[in-house]
1. Scan the stretch A:298-318 residue by residue and report those that are among the aliphatic types (A, V, I, L, M), under 21 Å from the mean Cα position of the chain (by Cα) and either in the same structural domain as A:Glu113 (by TED's automatic domain parsing) or not in a strand (DSSP E or B) (or both).
2. With A:Val42, A:Val35 as the choices, which residue is buried (at least 18 other Cβ atoms within 10 Å of the Cβ), in a strand (DSSP E or B) and touching an Asp or Glu at 6+ places or on another chain (Cβ under 9 Å)?
3. Does the stretch A:198-242 hold any residues that are in a loop (DSSP other than H, G, I, E, B) and in contact with a strand residue (DSSP E or B) (Cβ under 7 Å, 6 or more places away or on another chain), and which are they?
4. Test A:Pro337 against the stated conditions and say whether it is buried (at least 24 other Cβ atoms within 10 Å of the Cβ), touching a Leu at 6+ places or on another chain (Cβ under 7 Å) and outside the structural domain of A:Gly99 (by TED's automatic domain parsing).
5. Within the stretch B:23-38, track down each residue that is within 9 Å of chain A (Cβ to nearest Cβ) and either surrounded by fewer than 19 Cβ atoms within 10 Å (Cβ to Cβ) or among the hydroxyl-bearing types (Ser, Thr, Tyr) (or both).
6. Name the residue that is nearest to A:Arg393 (Cα to Cα), counting only residues in the stretch B:23-59 that are among the acidic types (Asp, Glu) and not in a loop (DSSP other than H, G, I, E, B).
7. Could you name every one of the helices (runs of 4 or more DSSP H) located completely within the stretch A:334-428 that has at least 1 residues being in contact (Cβ under 8 Å) with a residue 60 or more places away in the chain and of a type in the set (Gly, Ala, Ser)?
8. Among the residues of the stretch B:62-75, is any away from chain A (no Cβ under 14 Å) and either of a type outside the set (Gly, Ala, Ser) or under 17 Å from B:His108 (Cβ atoms) (or both)?
Amino acid sequence: MSAPRTMTAKILAAHGLEELTPGAFGLARVDRVLVNDVSGAVAIRELARMGAERVFDPGRVACVADHFWPAKDARSAEHVARLRAFAEAQGIEAYFEAGATPTAGIEHAVIAEAGLVRPGDLLVGGDSHTCTAGALGALGIGVGSTDLAAAMALGELWLRVPETTAVRFRGTPGPYATGKDLILALLGRIGVDGATYQALELSGPAIDALDVDGRLAVCNMAVEAGAKSGLVAADAATIAWLAPRLEDPSSLAPLAPDDGAAYEHEVEVDVDGMGPLVARPPSPGDVRPVDELGEAVRVDQVYVGNCANGMISDLRQLVDVVGGRRVAPGVRLIVVPATQEVHRQAVAEGLVEALLDAGAMVSPPTCGACFGGHMGVLAAGETAVATTNRNFRGRMGHRDSRVFLANAYVAGAAAVAGELVHPSEVVG
Amino acid sequence: MSAAPIEGRVVRLGDDVDTDVLLPGAYLNVTDPAELGRHLLEGYDPEVAARVQAGDVVVAGRNMGCGSSREHAVLALRARGVQAVVAESFARIFLRNCLNLGLPAVEHPAAARALADGERVRIDLGAGTVEGERGRWELPPQPPFLTELLRDGGLVPWVRRRLHAHDRER
């Protein structure tokens, strides 16, 4: 009888790691390698330098055009053309390009929707927000381009076994608090290097109560605490969300830590009655309740989107606030459904019409302005409220612009009021 | 075999230097290292960005390289001729990118706190020491895997060697 194990230990052991003591080095087999137009442009070059003519298994590589897609300029178009040609030459069927493939969008959302992430999987992505896959009980590890090339060449990733931290949320959050607020509460508590190199396992009744969209928002920002990964248990809600997305759902199984599993660190976060939160620039860890900012924050732009907060739940929350109202004069509201599937669903539910009536612009799926790429970049002196994950200096544009991070209710309230306010002030 | 000691001038940065300020997102559609190098630290402080010279050693506080996984930030450091990065602590993906590209990344809180802008620093990875104008610090022994990676010259040659080994087995 082996000792009780964490979810992280179970996944690492199932992927070839024999020595599971934190700090040990080893090689892990990977189930999925995730490549985008930015990390891929460098990784494809490095793969050739490694002398690897073929990827280890084309069925386990996914390529997504999302960062500068639709192409921002000729150079971006060339990178996507190279990614497209690479996928074709290697026989990679999991290729996603909005406008060209049946479904497409921002990588972390689109691979989840496409059934390419399953509980217990080990996923490597050339993007720091690969940890988003933890929402489905998969160990998602973000890496750079050369690691990505190595994973494509060998089907393995070198890694240092992380310390594992149990994060337990206590209590029931109040109105207008979402998954975004749970992770912001953690970031406010432990800071932007509070979990460096660690594997987080997040639990508690507030996590159990979240739908998959809310869990994506939580796990997405694990990296903002420095973590290697952020995992929630895969439960009945996970299985129900995934089953219709898989050809063979019979192998889907829940994942949870064993009773009595030992963690290197434990953190408790009390979220009972907590309202919506905001992270002030330039740190995702500078977190305050939206109604305790101590200053009036006028906004120029509101941006609802990104790899975890442009899901259908986010759009519903946004329309709950802006539906039947108008965007304030001088404010622009940019809405980026994370995937074509989310966009289609938003049309079917009348959300897109409600947003257009309110004065919003609805964009194709793209990483877009979240990382300062295109489609809503900020000018000097401008302030944005965004449902994205980073508010570093210059993140969304000019180095003298500011980004406040918040959930979609708060974003909607800022769009209508023209400043950061508690959503109840707009909804009444 | 161990690499020759590194000697250079310190360029001092603060805590939580994210990869967006090291190499702003607007340049992520660039892959040419020389062009990336011209934009190094553009989002941090134009004055600091302008005075980074070939041979310098970047010294930072806590959580160096946090945020995005963009290897472009490390490509830019290398293209500008930065010889090594010393920090109180590193964000994990940035650290991996440095190790994979063969850019020495030294985590040592006391050394990183003591080294001042403009002073000369000497890093001897073979002997495991960092020496500045006001101190000399011992580095903890490196895990064998990382020694192997550094000896190979980074992850590209390391993978090439493994692929050759696989071929020979067949």
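The values are calculated or read from the model by the stated rules, or taken from the named source; none is laboratory data. The model shown is predicted, which means the values in this text are computed figures rather than measured ones. Virtual Cβ from ideal backbone geometry, glycine too; neighbours counted across all protein chains shown.
1. Narrowing the stretch A:298-318 to residues among the aliphatic types (A, V, I, L, M): A:299, A:302, A:304, A:308, A:311-312, A:315, A:318.
From what's left, under 21 Å from the mean Cα position of the chain (by Cα): A:302, A:304, A:308, A:311-312, A:315, A:318.
A:Ala308, A:Met311, A:Ile312, A:Leu315, A:Leu318 - these are the residues of the stretch A:298-318 that are among the aliphatic types (A, V, I, L, M), under 21 Å from the mean Cα position of the chain (by Cα) and either in the same structural domain as A:Glu113 (by TED's automatic domain parsing) or not in a strand (DSSP E or B) (or both).
2. Values: A:Val42 fails: in a strand (DSSP E or B).
That would be A:Val35, the only listed residue that is buried (at least 18 other Cβ atoms within 10 Å of the Cβ), in a strand (DSSP E or B) and touching an Asp or Glu at 6+ places or on another chain (Cβ under 9 Å).
3. Of all residues in the stretch A:198-242, those in a loop (DSSP other than H, G, I, E, B) come to A:198, A:204, A:209-211, A:226-228, A:232-233, A:235.
Matches in the stretch A:198-242: A:Gln198, A:Gly204, A:Gly226, A:Ala227, A:Lys228, A:Val232, A:Ala233.
4. Values: buried (at least 24 other Cβ atoms within 10 Å of the Cβ): yes; touching a Leu at 6+ places or on another chain (Cβ under 7 Å): yes; outside the structural domain of A:Gly99 (by TED's automatic domain parsing): yes.
Spelling it out, A:Pro337 is indeed buried (at least 24 other Cβ atoms within 10 Å of the Cβ), touching a Leu at 6+ places or on another chain (Cβ under 7 Å) and outside the structural domain of A:Gly99 (by TED's automatic domain parsing).
5. Just the residues of the stretch B:23-38 that are within 9 Å of chain A (Cβ to nearest Cβ), to begin with: B:24-26, B:28-31.
Within the stretch B:23-38, just B:Thr31 meets the criteria.
6. If we filter the stretch B:23-59 for residues that are among the acidic types (Asp, Glu), which is where we start, we get B:32, B:35, B:42, B:45, B:47, B:56.
Pick out the ones that are also not in a loop (DSSP other than H, G, I, E, B) and you get B:35, B:47.
Working: B:Glu35: 22, B:Glu47: 16 Å.
That would be B:Glu47.
7. On the way: elements: A:340-348, A:351-358, A:408-417, A:423-427.
Because the criterion is at least 1 residues that are in contact (Cβ under 8 Å) with a residue 60 or more places away in the chain and of a type in the set (Gly, Ala, Ser), the helices (runs of 4 or more DSSP H) in the stretch A:334-428 that meet it are A:408-417, A:423-427.
8. Kept after step one, since they are away from chain A (no Cβ under 14 Å), are these residues of the stretch B:62-75: none.
Looking for residues that are away from chain A (no Cβ under 14 Å) and either of a type outside the set (Gly, Ala, Ser) or under 17 Å from B:His108 (Cβ atoms) (or both), one finds none in the stretch B:62-75, hence no.
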